[in-house]
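Colleague: Submitted below is the structure of interest, expressed as structure tokens.
The values are calculated or read from the model by the stated rules, or taken from the named source; none is laboratory data. Since this is a predicted model, take the numbers as computed values, not measurements. Only protein heavy atoms, including side chains, enter the accessible area calculation; ligands, DNA and RNA are left aside. Shrake-Rupley method; radii C 1.70, N 1.55, O 1.52, S 1.80 Å.
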Amino acid sequence: MGTADQIPVTVLTGFLGSGKTTVLNHLLRQGELNGVVAIINEFGEVALDHLLVESSEDRLALLDNGCICCSVREDLIETLADLADRRATGAIPPFHRVLVETTGLADPVPVLHTLMTAPDVLSRYRIDGVVATVDAVNGAHTLEAHSEAIRQIAVADRLLVTKTDLAAEEELARLDTRLAAINPVATRSHVRNGIIDPARVLDAGLFDPAARSADVVRWFDLASQAANAPHHHAGHDCDGADCGHHSHHAHDAGVSSYSLVIDEPIQRDAFARWLDYVAALKGEDLLRFKAIVHVAEQPDAPVVVHGVQHVFHPPITLQGWPSADRRSRLVFIVRGIPRQIIENTLCKFAAVSRAAIQRSAA
């Protein structure tokens, strides 16, 4: 099954009380989401959240026996497979997209693992992006107290800052700065009462080569801006845990982000060998990885690679370069992996010359 035939899955995550269900409720009332199924994961003895979502029963699926990041991963696989089977036989109305709402305590990384590795899922679905809600009032305290909240933000493609009408402007500005430091390549939207344009939530991934050129440009433009920010200066390698400068990105549970630009084409096999090495050596701490790669064997069509921890989505070849810039661009969101280690391994395993590696796309 090709990418165009796969059903897109959007993961909606966010810490307890950050407004996920309110956002989901609003989205399901929009015309653009007709034909969308929502999978709601609840953690607790009594399931309530699904009762708060105003939608017909054939558009909801409930996982209520545990946290989606651990005990119900098999249930998620079975639910997605069952939905696809019932869709194919006409047992339920046709649907063209799935929204998965995680519990507030969930680490979304295992969810992405499931979507990227389970054969029954991978053959019929594709990741469309991760959207995280952040409470404008309590967000700063939550980030200080709960590492799960940091990971939710770190792996997101899009951040929805909720309850902005209840937060002071200075407080909101500080939170925005911190979110940008944790994940500089995620787009951020301010939300009141859960009201958000579906276009700001959906189609956040890089998995459809026919329609993703604009997203590729946007993603790496943001990465370039992050690389050029004051806390990404040359000659300073921050390991996320023992760093002397004052950017928040160095102090959020060791989570940091950086991007690399490579001037020369990369051999396909050498790049694959490097990916295998990084996944084996540092996969646990590689929270998110995206890259557009100039492969030497096919200079006119770049390859997009997406990874989460030890797992990498099958590479996708775009129809053409999204801009005149044909350099490879690699973006990392990591926990405690120094940039220098990545650079060293690129030189050793991907046969990239050190002179070809830049730290920004300026």
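Colleague: Compute, for residue 282, the solvent-accessible surface of its heavy atoms (probe 1.4 Å) with the complete set of protein chains present, and express it in square angstrom to the nearest 10.
Modeller: Taking all protein chains as shown, residue 282 has close to 50 Å².
Colleague: Check the straight Cα-Cα distances from residue 163 and name the lysines below 22 Å, setting aside those fewer than 8 residues away within the same chain.
Modeller: Within the straight-line cut-off, residue 163 pairs with 20.
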